[in-house]
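Participant: Structure incoming, see below.
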Amino acid sequence: MIYQSFETRMEGAVAVVMLNRPERRNALDEQAVEELEHYFSRPPAEARAIVLAAKGPHFCAGLDLKEHHTKERSPAEFMRVCQGWHRAFDRIQHGGIPVVAALQGAVVGGGLELAGAAHVRVGDRTAYFALPEGQWGIFTGGGATVRVARLISPNRMIELMLTGRVMQGEEGMQTGLLNYLVEPGKAFEQAMSLAHKIASNAPLSNYSIVAGINKIWDMSANDGLFTESLLAALVQTSPEVQVRLREFVEKRATKVAA
């Protein structure tokens, strides 16, 4: 499939998805969300990690408000739009392949919801974050109440939405929104470096990490512990694990060091 909203390529075992609507600050219209769902439902078979990035000075300014205004959707129609965003971003978060987001400029509204679906977020010092829905007379619909609130706390999300204020990179680090903060223009480079490292992990281990931990978070403690033991039994008895453990036992593996 040829995607109109983003470009894709492979760099070794890392797939790159590059949003490509810089003239619209990479705002997401219905087509873009449908294309994201399609891609992340069927990522390249050889991909062991994915970098989600964007062309231009901004990562994503969120919902395409021009399209939203023009279409004058009914409540039922817009609910279906929201559910499309949920499906697409669920594919990113729970698809089993680690996704690293490279962020610059505006990461606003739906753009923050998109970034929140990634597993690792690298922002450069031009990146800023906001949920201005209150000022626009709308409400989040792409999963922020679940994903962003979990990252920064519901109380902080409420304050951001009520005031419409902008969060800069340093605060993004302090609140847990960002995993890494780098110099301007370096987010993609750092994201690719991390993705290549992640891609070298055992695929079944990566799958369990990105598909399992968030699911376990939603469970009761007893259900979570049981699910953890099932994942551990599956992952830690695979043939690839035996090879890696043999390297450790024979002192050929790199040890953890400060």
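The values are calculated or read from the model by the stated rules, or taken from the named source; none is laboratory data. If you're wondering where the values come from, they're calculated on a predicted model, not measured in any experiment. Here Cβ is always computed from backbone atoms with ideal geometry, including for glycine, and neighbour counts include all displayed protein chains.
Participant: Ala49: modelled with pLDDT of 95 or more, exposed (fewer than 15 other Cβ atoms within 10 Å of the Cβ) and among the hydrophobic types (A, V, I, L, M, F, W, C), yes or no?
Facilitator: no
Participant: Let me ask you something else. Just to be sure I understand, how many residues within region 30-85 are aromatic (Phe, Trp, Tyr), under 19 Å from the mean Cα position of the chain (by Cα) and more than 16 Å from Gly111 (Cβ to Cβ)?
Facilitator: Result for region 30-85: 2.
Participant: Something else about it: So, in region 202-240, how many residues would count as being outside any helix (DSSP H, G or I) and either among the aliphatic types (A, V, I, L, M) or in the same structural domain as Ile92 (by TED's automatic domain parsing) (or both)?
Facilitator: Number of matching residues: 2.
Participant: If you go through region 135-168, how many residues are in a loop (DSSP other than H, G, I, E, B) and either in contact (Cβ under 8 Å) with a residue 60 or more places away in the chain or aliphatic (A, V, I, L, M) (or both)?
Facilitator: Here the count works out to 6.
Participant: Another question, if that's okay. I need the full set of residues from region 57-66 which are surrounded by fewer than 17 Cβ atoms within 10 Å (Cβ to Cβ) and in contact with a strand residue (DSSP E or B) (Cβ under 9 Å, 6 or more places away or on another chain), in order please.
Facilitator: Passing the criteria: only Pro57.
Participant: Still on this structure: Would you confirm, using the coordinates I've provided, whether Glu171 is assigned by TED's automatic domain parsing to the domain that holds Ala15, touching a Lys or Arg at 6+ places or on another chain (Cβ under 9 Å) and assigned to a helix (DSSP H, G or I)?
Facilitator: So Glu171 does not fit the description; no.
Participant: Would you confirm whether any residue within region 45-65 is in contact (Cβ under 8 Å) with a residue 12 or more places away in the chain, over 27 Å from Met173 (Cα atoms), assigned by TED's automatic domain parsing to the domain that holds Glu133 and outside any loop (DSSP other than H, G, I, E, B)?
Facilitator: Yes: one or more hits.
Participant: Something else about it: Does region 217-229 include one or more residues that are surrounded by 14 or more Cβ atoms within 10 Å (Cβ to Cβ) and of a type in the set (A, V, I, L, M, F, W, C)?
Facilitator: no
Participant: Kindly check whether there is at least one residue in region 113-134 that is among the hydroxyl-bearing types (Ser, Thr, Tyr) and in contact (Cβ under 8 Å) with a residue 60 or more places away in the chain.
Facilitator: Yes.
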